[in-house]
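Visitor: Please find one structure pasted underneath; my questions will follow.
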Amino acid sequence: MKVKNITALPHYGCGCGTWLKHWEKFSAKKSAQCAVPDCNTVAAVGAHIQKANTDDEAWYVVPLCQTHSESVDEMEISAEYKLVPADTNLTCERW
Ligand SMILES: [Zn+2]
Ligand SMILES: [Zn+2]
């Protein structure tokens, strides 16, 4: 799946502590590595991304390494990584 970074990072946080924890919680996985295939770097952040080439403008969180989280190009990410909504009303602040 192709995605692009949202470079204007939100200044708000969420109750999970970090966005990487947010991703772990709602994907029910431990983030080990950057979601970009062939990148064997440990994920540094829960990056905010949007799907490229779709009408879906929602923001999602995926684990990325520092380099890829700063990339301005569209990136292919592994299908094994679930896109967790960044909207806290849909996730950690749902109740
Ligand atoms: Zn959260
Ligand atoms: Zn990477």
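The values are calculated or read from the model by the stated rules, or taken from the named source; none is laboratory data. The shown structure was predicted, so the numbers you read here are calculated from the model rather than taken from an experiment. Don't worry about glycine lacking a Cβ; one is built from the backbone with ideal geometry, like all the others, and counts go over all protein chains shown. For the accessible areas, the whole protein counts, side chains as well, though only heavy atoms, and no ligand, DNA or RNA atoms are used. Shrake-Rupley method; radii C 1.70, N 1.55, O 1.52, S 1.80 Å.
Visitor: Taking amide H positions as placed in the peptide plane 1.01 Å from N, state which residues far from Ala52 in sequence (5 or more) or on other chains have amide H under 5 Å from it.
Guide: Lys2, Val3, Lys4
Visitor: Could you list the residues of the range 28-57 with an amide nitrogen less than 15 Å from a label point located 7 Å from the Cα of Lys2 in the Cα-to-C-beta direction?
Guide: Residues 50-56 fall inside that zone.
Visitor: Which longest uninterrupted range of the chain lacks any trypsin sites (Lys or Arg not before Pro) assigned by DSSP to a loop state (not H, G, I, E or B) and surrounded by at most 10 other Cβ atoms within 10 Å?
Guide: No qualifying site falls inside 31-93, the longest such stretch.
Visitor: Now a separate question. Express the carbon and sulfur contribution to the solvent-accessible surface of the chain as a percent, rounded to the nearest whole number, probe 1.4 angstrom.
Guide: The C+S portion of the solvent-accessible surface of the chain is 50 percent.
Visitor: Inverting the mean 1/r over all pairs of different Cα atoms, compute the Kirkwood radius of the range 1-62 and quote it in Å.
Guide: In the range 1-62 this quantity evaluates to 12.5 Å.
Visitor: Then there's this: Would you mind working out the accessible area per residue for the chain, using a 1.4 Å probe, and quoting it in Å²?
Guide: Per-residue value: 61 Å².
Visitor: Hey, another quick one. Convert each backbone phi in the range 39-44 into a coupling constant with the Karplus relation 6.51 cos²θ - 1.76 cosθ + 1.60 (shift: θ = phi - 60°), then list the ³J(HN,Hα) values in order as whole Hz, x for Gly and Pro.
Guide: Per residue, the Karplus-derived 3J(HN,Hα) values read 9, 9, 8, 5, 5, 9 Hz.
Visitor: Can you give the helix-only mean residue ellipticity at 222 nm for the chain, where every DSSP H stretch with n ≥ 4 adds -39500 (n - 2.57) and the sum goes over all residues, rounded to the nearest 500 deg cm²/dmol?
Guide: Using -39500 (n - 2.57) per qualifying helix, the result is -3500 deg cm²/dmol.
Visitor: Let me ask something else about it. What's the tally of Lys pairs in the range 2-90 whose alpha-carbon atoms lie under 17 angstrom apart, where the two lysines are 8 or more places apart or on different chains?
Guide: Lysine pair count for the range 2-90: 11.
Visitor: Along the Cα→Cβ direction, 7 angstrom out, place labels at Ser71 and Arg94. What is the inter-label distance in nm?
Guide: 3.0
Visitor: Which of Pro37, Pro63, Pro85 moves most in a GNM of the chain, Cα contacts under 10 Å?
Guide: Judging by the Gaussian network model, the answer is Pro37.
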